[in-house]
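This report concerns only the one structure given below.
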Amino acid sequence: MRKALTKQFRDIFHHYREHGIRETLRWFHGKDAPVIVQFAKYGIAGAIATVASQGTWLLLCFTVYPAFSAEEIQQYREIFAKVGFVLSPLEIEQLNLGHDARALNSTYANIWGWVFGNFVAYIVNAIWVFQGGRHNRWLEFLYFTIISGIATIAGLAMGPLLIKLFKIPTGLSQLSLLITAVLVNYLCRKYFVFAK
């Protein structure tokens with residue numbers, strides 16, 4: 001594996017020396033890029049989908065499905081203040097939610113976040129990252145969603161478990177979901193959903 005990665009980096013550098021930066025960056029516009037460039041594109045697409053998913057989760061955890069303790073809300077207030085955003089007092093601060101309620105509400109918010117994030121991820125990956133063609137678009141989206149769902153269920157199981165067993169903050173429990181999803185999704189999408 002190390003030799004293959006080294007060879008890819010050498011090929012990219014050789015291509016750059018021979019054709020210049022403009023031609024090398026064109027790989028970011030096409031779908032026939034080397035694996036390393038494709039993985040970088042996948043990372044960017046994943047970041048876009050993560051912002052969509054986690055943004056939905058965060059918004060819902062502050063509104064429809066309260067999932068934060070008063071201490072966590074204060075921490076978010078301080079973080080938001082650093083970037084010039086004022087988070088006014090919220091009704092959920094007075095709810096004094098227990099760990100079980102926070103875990104359940106976080107799960108509901110994650111499900112909705114996943115629905116939106118999965119849609120965004122499919123669109124970006126289908127248009128920009130992977131070469132389709134093995135399946136028709138509807139079947140491709142179905143497989144994409146099933147794989148994403150499996151990865152998300154694994155992560156969803158870990159988040160509430162970490163909150164309940166170890167009493168960790170809700171935000172920190174999200175990392176287990178993200179790490180699991182990235183690893184499972186890339187491999188399955190590349191070699192099953194979008195492979196020709």
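The values are calculated or read from the model by the stated rules, or taken from the named source; none is laboratory data. Keep in mind the model is a prediction, meaning the values are calculated, not measured. All Cβ positions, glycine included, derive from the backbone under ideal geometry; neighbour counts span all protein chains shown.
Things to note:
- Selection over the stretch 74-118 of residues that are of a type in the set (A, V, I, L, M, F, W, C), more than 18 Å from Pro160 (Cβ to Cβ) and touching a residue at least 60 places away in the same chain (Cβ under 8 Å) gives a count of 1.
- In the condition set (1) modelled with pLDDT of 80 or more; (2) touching a Lys or Arg at 6+ places or on another chain (Cβ under 8 Å); (3) under 28 Å from Gly30 (Cβ atoms); (4) surrounded by fewer than 16 Cβ atoms within 10 Å (Cβ to Cβ), Ile127 is compliant with all but (2).
- Enumeration of residues in the stretch 11-37 that are modelled with pLDDT of 80 or more and closer than 19 Å to Arg189 by Cα: Val37
- Criterion: closer than 23 Å to Asp100 by Cα and out of contact with any helix residue (DSSP H, G or I) (no Cβ under 6 Å at 6 or more places or on another chain) - qualifying residue of Leu183, Leu172: Leu172
Yes/no matrix, rows are residues, columns are (1) under 21 Å from the mean Cα position of the chain (by Cα); (2) exposed (fewer than 14 other Cβ atoms within 10 Å of the Cβ); (3) not aliphatic (A, V, I, L, M):
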residue	(1), (2), (3)
Lys82	no, yes, yes
Gly98	no, yes, yes
Ser106	yes, no, yes
Ala109	yes, no, no
His135	no, no, yes
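- Those residues of the stretch 1-13 which are surrounded by 11 or more Cβ atoms within 10 Å (Cβ to Cβ) and without any contact (Cβ under 8 Å) to a residue 12 or more places away in the chain, in sequence order: Lys7, Phe13
- Qualifying residue in the stretch 97-106 (condition: part of a loop (DSSP other than H, G, I, E, B) and either more than 30 Å from Tyr186 (Cα to Cα) or of a type in the set (Ser, Thr, Tyr) (or both)): yes
- Just one residue in the set Thr56, Thr24, Thr6 is polar (S, T, N, Q) and either closer than 26 Å to Ser148 by Cβ or in contact with a Cys (Cβ under 6 Å, 6 or more places away or on another chain) (or both); that residue is Thr56.
- Residue selected from the stretch 169-196 under the condition buried (at least 21 other Cβ atoms within 10 Å of the Cβ) and small (Gly, Ala, Ser), by the criterion farthest from Asn136 (Cα to Cα): Ser173
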